[in-house]
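The values are calculated or read from the model by the stated rules, or taken from the named source; none is laboratory data. Keep in mind that what you see is a predicted model, and the values were worked out from it rather than measured. A quick note on method: Cβ atoms are made from the backbone with ideal geometry, for glycine too, and the neighbour counts reach across all protein chains shown. The accessibility values were calculated without ligands, DNA or RNA, using every heavy atom of the protein model including side chains. Shrake-Rupley method; radii C 1.70, N 1.55, O 1.52, S 1.80 Å.
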Amino acid sequence: MTRSSLCGAFLGIAVAGILSFIVSVLGNLLAGGLSFGGWWWFFLTMAIPACVSLGLAGYYQAFMGRSRLKLWFYCIISGFLNVLFMGTIGAIAASSLMYGYEGVNVSGYLEWGPVYAVLFWPVSTFVMFVFILILREIIRSANP
């Protein structure tokens, strides 16, 4: 189980790196430029919740042998909490590290973080489900 948890945590770091890169490049292209300035900020907000949620899924062997309902329940809860953490604590911490605490709009992050979590709940649930299925395949291939 420890190996599966570490596998999930490493998958969380990889997911955070890849998704933050894609989102920052697409966002900058849509805004009319090409810069990687937002990548580090987005990675900092996403790394901890991705590692924790996929590490826990690895601990439970990616819900192999458990009911589909438990898997979806975990995806619903962790999808919501991931976006909530990213939009509040993660955004405040990343902005503080990058720009200093004085320039951070803490009340704005605390106000809009839960709104983003509710708005992106269906998307984050499905994304979490896909990542757990990927983790399942990695665990299966590592444990013949």
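For the chain, the residue among Tyr109, Ala14, Tyr99 whose Cα projects farthest onto the positive side of the dipole built from Cβ charges is Ala14. How large, in percent, is the carbon and sulfur part of the accessible surface of the chain at a probe radius of 1.4 Å? Result for the chain: 76 percent of the exposed heavy-atom area is carbon or sulfur. From helices alone, the chain scores -27500 deg cm²/dmol at 222 nm; the rule is -39500 (n - 2.57) for each run of n ≥ 4 DSSP H residues, then divide by the residue total. Using a cutoff of 8 angstrom between alpha carbon atoms and counting only pairs six or more residues apart, the relative contact order for the range 10-144 works out to 27 percent. With the alpha-carbon atoms of the chain aligned to their principal axes, the span from lowest to highest coordinate is 50, 28, 27 Å, starting with the largest. Run a plain Debye calculation on the range 47-101 (Cα atoms as equal point scatterers, no solvent) and give log10 I(q)/I(0) at q = 0.14, 0.15, 0.17 Å⁻¹, rounded to two decimals, same order as the q list. With no solvent term, the Cα-only Debye profile gives -0.46, -0.50, -0.60.
For the range 94-110, putting each phi into the Karplus relation 6.51 cos²θ - 1.76 cosθ + 1.60 with θ = phi - 60° gives couplings of 5, 5, 5, 5, 8, 10, x, 5, 5, x, 8, 8, 4, 5, x, 5, 5 Hz, in residue order, rounded to whole numbers and with x for Gly and Pro.
A Cβ-based charge dipole, computed about the Cα centre of the chain with Lys and Arg at +1 and Asp and Glu at -1, lands at about 660 debye. Calculated accessible area for the chain comes out at 58 Å² per residue, all protein chains present (probe 1.4 Å; ligands, DNA, RNA ignored).
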